[in-house]
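Below you'll find the structure, written out as structure tokens, and then a few comments.
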Amino acid sequence: MATENKFIVYVALAANLGIAVAKFIAASLTGSAAMLSEGVHSLVDSVNEVLLLYGLRRSRKPPDRHHPLGYGRELYFWSFIVALLVLALGAGFSLYEGVNHILAPDPLRDPTANYIVLGIAAVFEGSSWYLSLKSVQRRKGRMGYFEAFRGSKDPTTFTVLFEDSAALLGLAIAGLGVYLSHALHEPRLDGWASIGIAVVLALASVLLARESKALLIGEAATPHLLEKVCAITSKVKGVRRVNGMLTLQLGPDQVMVAVSTEFEDNLTTVAIEDCVRRMEAATRDAKLPIVALFVKPQTPEQWKARVQRQDAGTDDTSGNDWNTL
């Protein structure tokens, strides 16, 4: 999965770098505000891809004394930065350039270069978009696209897909703005096209920032993983029942799990420790993405009381409960 993610990001990076150069050249030749905005858009996307690659590399670092649970959240941090850059640089510059062009319109020169660059850009952006879409389709299963986006724990592919979707929509708006500006001899329409691109980028940024923030703060693992852990640990000899568990997604393939477990009454402390070791071994053998497994001996009544407090919003994390793990 990590290799596929890197390939998709590298493809998007190569496409955006080449397209950015072409757009800037076309903007300088024709004086199009929309084309200049699109050039900045592609440049920002290129920087974003570099940051995602850096986040991917950092997130794979093994745990150490200072970060005992690993560096998985680095990817979520850089994904959030990417969303901010799309808003601050991409949307911000497009809005500024559009307003400036409306207030001080400059007649559009021969738009031929714009059309050529927009066509080439559409081919490259479309290829990158198609690769991202196929990757998302392989992972989403029966879920809808938006549902899969909200439930995804890996922001890289969806970030590239959102960026490419915004880029294709931006190309369409830029093309329309250039055509209408030239055909109607109204240069202000080119500025309005630039503002339209700013709106598209702002919407994409808000969606990406919202999901990245949720992952950065800490989301629970997928219900499918919880079911697997519960099924595996409950079969270990000495475990009477698994009451429930708390999970925290630390990275796309890194999860911390805390299991509330009721053991057989006749087990000694040494026997319980051996049981915990077997629970850990069972999850490792199943090759689950668990970087840390904590087990808390607890009666079902204690677990239910904690769940009720949590549901009521009165769970005090400063108390002597799961913070002892």
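Key figures for this structure:
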item	result
Å² per residue, accessible surface of the chain at 1.4 Å	50 Å²
Rounded to 5, the percent of DSSP beta bridges in the chain classed as antiparallel	60 percent
Set of lysines with alpha-carbon distance to LYS61 below 25 Å, sequence-local pairs under 8 removed	LYS6, LYS153, LYS213, LYS287
Most mobile listed residue (LEU201, LEU131, LEU103) in the chain, GNM with C-alpha springs under 10 Å	LEU103
Cα centroid separation - the range 85-108 against the range 192-230, whole Å	26 Å
Cα centroid separation - the range 237-266 against the range 1-59, whole Å	43 Å
Label-point separation, ARG109 to VAL270 (7 Å along Cα→Cβ), nm	8.8 nm
Accessible surface, 1.4 Å probe, highest first, among residues TYR10, TYR71	TYR10, TYR71
At R0 = 30 Å, FRET efficiency that the Cβ-Cβ distance of LEU84 and TYR130 yields, to 0.05	0.65
Unit charges at the beta carbon, dipole of the range 233-294: most positive-side option, THR269, PRO289, ASN243	PRO289
Matching label, Rg/Rh (Cα atoms, Kirkwood Rh) computed from the structure shown, candidates (i) 0.97; (ii) 0.93; (iii) 1.14	(iii)
Pairwise label distance in nanometres, ARG309 with ILE217, each label 7 Å out on the Cα-Cβ vector	2.2 nm
Percent accessible area from carbon and sulfur atoms, the chain, protein chains only, probe 1.4 Å	64 percent
Gaussian network model of the chain, Cα within-10 Å springs - most flexible of ASP311, ASP64, ASP190	ASP311
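The values are calculated or read from the model by the stated rules, or taken from the named source; none is laboratory data. Because the structure is a prediction, the values reported are computed rather than measured. Every residue, glycine as well, gets a Cβ built from its backbone with ideal geometry; the counts of neighbours run over all protein chains shown. Please note that ligands, DNA and RNA were not included when accessible areas were found on the heavy atoms of the full protein model with its side chains. Shrake-Rupley method; radii C 1.70, N 1.55, O 1.52, S 1.80 Å.
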